[in-house]
1. For residues that are under 16 Å from residue 269 (Cα atoms) and aromatic (Phe, Trp, Tyr), scanning just the stretch 303-319, find the one that is modelled with the highest pLDDT.
2. Which of the helices (runs of 4 or more DSSP H) contained wholly in the stretch 32-121 include at least 2 residues that are buried (at least 24 other Cβ atoms within 10 Å of the Cβ), on the phi < 0 side of the Ramachandran plot and at pLDDT below 85?
3. Do you know which residues across the stretch 259-281 are among the small types (Gly, Ala, Ser) and at pLDDT 95 or above?
4. Pull out all pairs, ordered by first then second residue, where Cβ-Cβ is under 8 Å, the residues are six or more apart or on different chains, the first lies in the stretch 94-123 and is basic (Lys, Arg), and the second is assigned to a helix (DSSP H, G or I).
5. Tell me yes or no: at least one residue of the stretch 141-159 is at pLDDT 80 or above and either assigned to a helix (DSSP H, G or I) or in contact with a Gly (Cβ under 9 Å, 6 or more places away or on another chain) (or both).
6. I'd like to verify a number: residues in the stretch 166-210 that are of a type in the set (Gly, Ala, Ser) and within 22 Å of the chain's Cα centre (by Cα), how many?
7. Are there any helices (runs of 4 or more DSSP H) wholly within the stretch 168-240 with 2 or more residues that are at pLDDT 75 or above, and if so which?
8. Of all helices (runs of 4 or more DSSP H) completely enclosed by the stretch 253-319, which ones contain at least 1 residues that are without any contact (Cβ under 8 Å) to a residue 24 or more places away in the chain and crowded, with 19+ Cβ neighbours inside 10 Å?
Amino acid sequence: MSFLQILAGLALLAAGGDALIRGAVGTAGRLGVSPLFTGLVLVGFGTSLPELVTSIMASMTGAPGIVVGNVLGSNVANILLILGVTATIMAIPADPKAFRRDGPMLAGATIVCILIALTGSYGRIAGFLFVASLIAYLFYTYRTESQSPDASAEIHSEEAALVTPPPTSLPILLLLTAAGMAMIIVGAQWTVTGSIAVARGFGVPETVIGLTLIALGTSLPELATSVAAAVRRQTDVAFGNIIGSNLFNILGILGLTALVQPIAIPGPVLLYDIWVFGAATALMLYFAFTNYTISRREGAFFVALYVAYMAFLATRAVG
C-alpha cells in the first residue's frame, strides 16, 4: 500500500507541476510579463517546485535522507537520464555565451554544495548563502539578457513558449495555478509519508528512496520539457532547462529547505552519492565545453551510467 501511495503522490506532483506552470505562464502572458522573465523565473522555478515542497515536508517530518536524496538524485537524473535520453534523440548544442555564464555558476554551486556537505549538515547560514546566490544569479541574468538580447535570452523565451497554454480567461488560468499548487502539496504529503512507511517497514534506506523513486518522479517536468524541446528540434532549450533546473535544485531547494530546517547529511551520501552528483555535473560541463555540444554518443554514455548507478542503489536497498 505504501508503494502505491508513493506512486500516487508522484503522479499528483507531476500533474500538479504541469498545471501550475501552465497556469502561471498563461497568467504572466495575460498580465504582460515578458517571455524572458517567464522562461527564466516562472518555468525554472515551476519545474523545481515539486522537489521543493517534497523536500520541505520531508525535512519537517524528520527524514533528511529523503531531502538530500531528492535533490542529489534529481540532479543526477536530469543529467544522466533526461539529458542523456534527449541527446540520443538529437545532439544537444550549448549556446557558447550562455554556457560561459551558466556553466561556471553551476560548477561553483556544485563545489560549494559538496564542501558544505562534508561538514555533515546544511545549516541556516548555508541556506541563506544558497538563496542569496540564486537571487543574485537571476537578477544578473535577467538584467544582462534584457539589456542585450542574444541567443541565451531567446532560449529562455522559448522555454516559456514550450509550456504556454491555449488562450483562455484569466480566472481559469488562476484556478489552474491554484489547483496545481494544491495537487503538489497533497502529492508531496503522500510521497513523503509513503516513503517513510516503506523505509521503516521494509528496511530500505530513506536516502535510496529519495535518490530513486522520488528523484525520478519529481524530475518528470524536466523530462517532459526536454523531450518536447527535442521533438520540436529546440534542443538548445533542453540544455538550458537542465542547467537551470539543477541550479534551482541546489541553490533554491537545498537553500530554502535548510532555512526552514537544517538538514543532516546521511553517512552513505558522503561516501557515494555526493561524488556521483559531482562527477555527473563535471562530465556534463566537460562534454559541453569540448565543442559546445552533447553528442548522441555522449548521451548514450550518460544513460548507461544512470542504469549502472540505479543498479548500485538497488544493491544498497537490499544489502
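The values are calculated or read from the model by the stated rules, or taken from the named source; none is laboratory data. Given the structure is predicted, the values throughout are model-derived calculations rather than measurements. Cβ placement follows ideal geometry from the backbone for every residue including glycine, while neighbour counts extend to all protein chains displayed.
1. Filtering the stretch 303-319 for residues that are under 16 Å from residue 269 (Cα atoms) and aromatic (Phe, Trp, Tyr), the one modelled with the highest pLDDT comes out as 309.
2. 44-60
3. Once the filter is applied, which keeps residues that are among the small types (Gly, Ala, Ser) and at pLDDT 95 or above, the stretch 259-281 yields 278, 279, 280.
4. Within 8 Å, the pairs are 97/151; 97/152; 101/141; 101/144; 101/152.
5. For the stretch 141-159, residues at pLDDT 80 or above and either assigned to a helix (DSSP H, G or I) or in contact with a Gly (Cβ under 9 Å, 6 or more places away or on another chain) (or both): absent.
6. Within the stretch 166-210, residues that are of a type in the set (Gly, Ala, Ser) and within 22 Å of the chain's Cα centre (by Cα) number 9.
7. Qualifying helices (runs of 4 or more DSSP H): 170-202, 206-209, 215-218.
8. Result: 274-291.
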